[in-house]
Each structure stands twice: as structure tokens, then as C-alpha cells.
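Bear in mind that the values in this text are calculations on the coordinates, not laboratory data. Bear in mind the structure is a predicted one, so any value in this text is a computation, not a measurement. Virtual Cβ from ideal backbone geometry, glycine too; neighbours counted across all protein chains shown.
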There are 2 protein chains.
Amino acid sequence: MKYAVIGTGAIGGFYGARLARSGQEVHFLLHRDYDYVRAHGLQVDSCDGSFHLDHPHIYQETSAMPACDVVLVGLKSTNNHLLTNLLPPLLHRGTLVVLIQNGIGVEEDVQRMFPDAWLAAGLAFICSAKTEPGRVNHQCYGSINIGNYSCPDEELIGRLIDELRQADITANPVEYKTARWRKAVWNMPFNGMTVALHCQTDELLRNEATRRLIRSQMMEIVRATRSMQIDGVDEDFVEQMLTTTDAMTPYSPSMRLDYDFGRPMEIDYIYSRPLQLAREAGCPMPQLEMLEAELRFLEQRKREQKGL
Amino acid sequence: MKYAVIGTGAIGGFYGARLARSGQEVHFLLHRDYDYVRAHGLQVDSCDGSFHLDHPHIYQETSAMPACDVVLVGLKSTNNHLLTNLLPPLLHRGTLVVLIQNGIGVEEDVQRMFPDAWLAAGLAFICSAKTEPGRVNHQCYGSINIGNYSCPDEELIGRLIDELRQADITANPVEYKTARWRKAVWNMPFNGMTVALHCQTDELLRNEATRRLIRSQMMEIVRATRSMQIDGVDEDFVEQMLTTTDAMTPYSPSMRLDYDFGRPMEIDYIYSRPLQLAREAGCPMPQLEMLEAELRFLEQRKREQKGL
């Protein structure tokens, strides 16, 4: 299949480069890194074996790109308004758009922009970062789950998963809602708390008080999903997330990096939207609401410090 | 009456010096500031009129002090274990010990140390700080409420209040439990949040998200006191606290100062004890529990940074 990658960063860059390495035709949209990658190619430093793409298909505008069978969107969700202009040149009648993004509600909002588009969620379980121009640093994990949101062609989803697997990526189809909320179980506590306390995941789990707090925040999500009739987000999964994170090397989640580098944080989709859904279901999540407020405060202060 | 002041800092120093200025016999226990005050006296810079005590009665040990009718304890509650040795020389059969301290549970614990002592809570509504040796900076407010905990002699409480008023201090008798918990309505949100977000009171109230959060934390206390059958802590009081704080100059509560200067924070009495009582009453306070956890984390990190 023909692939397009919008947002060639830590996530889009990694999965796109893996697909290209396996022989797929992958078209990358680049922004600041365009000149660098044209001159030097794209480097993936990876715990699973580093590799280099000498001459990837790269573009500065989607209008120059071909319509594709699969579009992998690796943009920060704070930039999703850009999709209005970015997406149309890449779509044909049966294009699958995979939103490999954080949070709850991105598919709903993109569907509103493109009522006929076929959408799926890409749930990446990966520790990676774009450390410098044209260079993705993949530290650990790397699997991706695909949750069908509005694609009527199940075979297309299956083909995507096959081709991801051929690219040595662990990929599985998952139930959309369950998958998004299971991801939130990790994302909501760790993204915000590493910003609020200016620390990494391991410090939060080593301190007895914050370890208990992280578990308690995760349990707020378990209770909220229960009241929304969403299956598969239970206490066992919480324990599994804690154990998995214990085993990780000290990690700064994407929101911590965004905050440190003065980029906008994905507060809307990682916090505000799921918090609103939980409230509407009659099961508010008070500690995660507090965390949202702390993040809003920190973001405003940062803006003021930058003189904006 | 004869007064002793243990902990001649922002609080004990202020009330003790006002009483001394009004002609009462006040004996001050000093620690680090002893030599300075012996040489230079005690200075109170005050919004209500600054003044100086040239030769206050000062001591380095309570064993050198006379037994007194009233002992004002202005220690940080983190030092209350010291009372075991500090208090006995100051007590006669009818001494009133007034704990002008933050939090919930201090009287209970001091009573356990001294089962026969007559105890009262001193609820100070004051913005003040000890800025340098022998110098108290009183910024605004200054009233004190006295809540009888275990003093069988109501007249003694009355006499204390009269003499405080003669010293130009607004003083009133109050119901002990209500008073302690009303104070917590201000103390629990603002002390911790100014530490967690490294800010002052005004910034928390100016930001829409944290203003809502502060109110929400205060409402947790309202609900908890209701389930403990404690009267007088209601939504109107919450609004009053917000309005009062809006009118204050930007303020760093004592816990923020303690944290910044590397002193232990009063987490036990300001957070852990009231949180425990609320849980036991079946009405936990999740956002304040989260704040406690954040403070425990920050305290441990500070200790580690200091190499302790």
C-alpha cells in the first residue's frame, strides 16, 4: 500500500521509517527538518537496531504528495486544526487515516472535519523522542494497536496490520473505545504528574505517596469507564501498567518534553475531553481534574514568562 | 498575668511583643536570635504601627523562666516533640497553654504528652514573617481567636482575651472544632498549592482553573466537616475565604516559606491528620489527598537534594 506520514517526529517518523525499510512506499511530510533530511536522510536510533533511510520520499506540502491508501497522522493533537488543509490532497475514496495521537476525542473531532473519511486510532506503546533534526531516538517498546473508528473496510485494517508486522512492528487490532481508555490509564497520570512535579516516571513510582496517588488516579479512570459501559479497563490493568512502568527506564512522557521545550501541552485531549465525558457519565475524576488545573496554571505561567 | 512565649517567630514574636508593649509581663524563649535580641532588642515592623522592645525578658532555656499563667506556643508543629522538655518549667497548676499553630490534631497530641495541662487553640489570622534576627514583619490582619480545648476555667480564657484586646489585638472566643476546621479551609488549599505550583496566593486566584480548584478543595472540607457533625463550615464561609484572599496582597503562606528555606513542612498536622479524620468519617478528600502526596514527594526530593 501507499503510505503518507503527517508529522515525521518521534512517532510518525519511527513507524513510517520502519515501513519504508521493509519496502513499503512511504511519503513523509516534513516541516523544519526538510532541508536536513534532504541532505542527510532520516536516522532511527533504536533499541531494536538502528537504521538509516538515505533517500526517503519527503515533501514540504501535502499538495505535492500522492493520494495514499493509509495516512499515518503523528501530529501533536494541538495542531489538529491544520488537518483541514493538510489531509485533502492525501485522500482517495478508500484512504484509511490513522490518528497516532494521545488522548480521547481526536477521532470524533477529525470526523467532524471530514465526515466521509475512514478513521482509525493508532495506539502506540513506545518510548521514543525526536532528539535532533532528522533523528528519531527509539528507546524501548514499539508496538502499535489499531482501533477502528469509522472504517467500513475491515480488510483494509487487516492489511495495514499485516504490513506493520512485515515491518517488524508488533501490531494488533483492538476495540476502539477500550483501547483509547486503556491508553488514558497510563497517559493521564504520568503525562501530567511528570510536569507538575518536574520529574520522570521512575521517581513518581519510587516515592510511596506519589505511587499511591498514581494508582488512585488510574482507579478514577477505571470507575469512570465502568459508568460509561466501556469494558476492559479494570484493576488488573492498573496493576499491569504500574508493573510495566516499573520496568521501564526513567522516562519523560511527551507532555513533559512539550512543557520543557515551551511547546503547547496536549491538555485538551489528554485531560479536558475525558474529564468532561466522565462528568457527563456521572462519575467525575477529582484528582485528574486537579491535575488538569495544575497544568492549565503552569501553561499560562509559561506563556506569560515567554511574554505572550 | 504572666506570659511565656515559646517560639518567638512570626507569630509568637508578634503577639508576645504586643502584649509586652501593652504592659504585660512577657517572657520570651529565644534560640538562634538570643544574642542579637540581647544586644538590639526586638523589632516589630507592622502595618498597624511599628515598635521596638528595648529590653524584653529573654531566655535560652525554659528552665530559667518563671512558671506562667499563659504559655503562647508559636513553635512550628514539626517541633512539637520538643514540648516534652520545654513546657514543664513553665507550668503551674492553672497554666493555660495556647497552641498558636497550624493544622488539626495538635491539641490532641500535646494533651497526650501532658494529660493534666489546660489547653486552648490559638487561631491566628495574620500575615507576618520573621524576616531577619530579632525582626518580625507584620504585613496585614492580626486577629486571634481562642478555642478552648481542655481548660476548665472559662474565666482564665476570658482574661486572656481581655488582655489581648488591651494590647490592641482583635481577639474572640470561638468553638474549638469549628474554629480549627474553618482555619483548615484556608490552610489546606493555599499552603500546599503555593508549594506545589511555586507561586503566591494571588496567582492561584487569578488563574481560572486553579481558582476553581481552590474552591473545589475548600468544598471537600465543607463536606467532610458535615459528615463529622462539625458546624459552621459551609459554602458561604468558602466564598468569604476567597473574597478575603482576593483582597490580600500577594502572600506566601508559611509552608511555602518553610519549603523555600529548606525547613520541614507541617504536612502531618495540616494534611495527614485532617485527611485521616475525613476518611474515618467516610468522607475522603481526594484532591487534598493528592496535594498531600505532591508535598510528600517534594519534601523527599528536597531532602535528597540536601544529601540527607
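Ignoring the sites themselves, chain A has its longest run without trypsin sites (Lys or Arg not before Pro) in a DSSP loop having at most 15 other Cβ atoms within 10 Å at A:33-305.
Across the copies of the chain, B:Pro88 has label points (7 Å from Cα along Cα→Cβ) spaced 8.8 nm apart, shortest distance listed first. Annotation for the range B:226-291 versus the range A:84-123: alpha-carbon center distance of 45 Å.
Distances between equivalent label points of A:Arg301 across the copies, with each point positioned 7 Å along Cα→Cβ, amount to 1.2 nm, shortest listed first.
Here's the picture: charge each Lys and Arg Cβ at +1 and each Asp and Glu Cβ at -1 in chain A, and of A:Val233, A:Asn187, A:Met255 the one pushed furthest to the positive end of that dipole is A:Met255. May I ask which of A:Lys130/B:Lys306; A:Lys183/B:Lys76; B:Lys130/B:Lys177 have a Cα-Cα span longer than 32 Å here? Pairs exceeding the cut-off: A:Lys130/B:Lys306; A:Lys183/B:Lys76.
Measuring nothing but how far apart in sequence close Cα pairs (under 8 Å, 6+ apart) lie, relative to its length, chain A scores a relative contact order of 15 percent.
Please order B:Thr245, B:Thr62 by the number of other Cβ within 10 Å, starting at the fewest. Write down the numbers at each step before the final one.
Details: B:Thr245 17, B:Thr62 23.
Listed from fewest to most nearby Cβ atoms, that is B:Thr245, B:Thr62.
Counting only other chain Cβ atoms within 10 Å of each residue's Cβ, the peptide B:211-217 averages 3. Over the range B:25-129, Cα pairs under 8 Å with separation of 6+ residues give a relative contact order of 21 percent.
Of all beta bridges that DSSP places with both ends in the protein assembly as shown, some 35 percent have antiparallel geometry.
For B:Lys302, the aspartates and glutamates whose Cα comes closer than 16 Å to its Cα, not counting residues fewer than 8 places off in the same chain, are A:Glu203, A:Glu208, B:Asp258, B:Asp260, B:Glu266, B:Glu292, B:Glu294.
Just to confirm a number: summing +1 for Lys and Arg and -1 for Asp and Glu over residues other than B:Tyr15 whose beta-carbon lies under 14 angstrom from that of B:Tyr15, what do you get?
Local charge sum for B:Tyr15: +1.
Quick one: of the DSSP bridges fully inside chain B, what percent are antiparallel, nearest 5? Show your work: numbers first, answer last.
On the way: 15 of 43 bridges.
The antiparallel proportion sits near 35 percent.
Between A:Gly307, A:Gly13, B:Asn172, whose Cα lies farthest towards the positive end of the dipole of the protein assembly as shown when Lys and Arg beta carbons carry +1 and Asp and Glu beta carbons carry -1, centred on the Cα centre? Of the options given, the answer is A:Gly307.
Mean per-residue shielding of peptide A:281-293 is 5, counting Cβ atoms of other chains within 10 Å of each Cβ.
Ranked from shortest, the separations from the 7 Å Cα-to-Cβ label point of A:Gly262 to its equivalents in the other copies are 3.1 nm.
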